[in-house]
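*Asks:* Structure incoming, see below.
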Amino acid sequence: MGMEWDVFPASASAATLGLSVGSFLMGAIIVISGVNGSALPRGDLLIAVGGLSALNLGVAVVEGLLTGLIVQFLASVRPDLVGLTDRDTRDEPSGVTA
């Protein structure tokens, strides 16, 4: 089974970008709103949340690569699941249709 690697970059980068934006927004929300009951000054909170966001970015890259591999596999096995087949070339269903 030969695989064409044209779907992998798009799916991996989309997943990584989406997770990265979510990580940055999460950090921004925490820094802007503060943490109730925390004795950390805003500068220390910014450093702590920056470390958390950096860790999340590493996880986002791994998740993006896994998502790309899974979508690439699905595209090679069942291209209709990821919308890679034309509507004109799809087989008509056999049997009774409503």
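*Asks:* Report the label-to-label distance for Leu84 and Asp44 in nanometres (one decimal), using points 7 Å from each Cα along the Cα→Cβ vector.
*Replies:* It works out to 5.2 nm between the two label points.
*Asks:* Something else: Please state the shape class of the range 9-78: rounded when a/c is under 1.5, otherwise prolate if a/b exceeds b/c and oblate if not, all from the C-alpha gyration tensor.
*Replies:* On the way: a/c = 4.37, a/b = 3.71, b/c = 1.18.
Prolate, since a/c reaches 1.5 and a/b exceeds b/c.
*Asks:* Relative contact order (percent) for the range 9-78, with alpha-carbon contacts under 8 angstrom and 6 or more residues of separation? Present the calculation step by step, with values, prior to reporting the outcome.
*Replies:* Working: 46 pairs, mean separation 40.1, N = 70.
Answer for the range 9-78 is 57 percent.
Throughout, read-outs are computed from the coordinates displayed, never taken from laboratory work. Treat the numbers as computed from the prediction; the structure is a model and nothing was measured. FYI the Cβ positions are ideal-geometry reconstructions off the backbone, even for glycines, and counts take in every protein chain you see.
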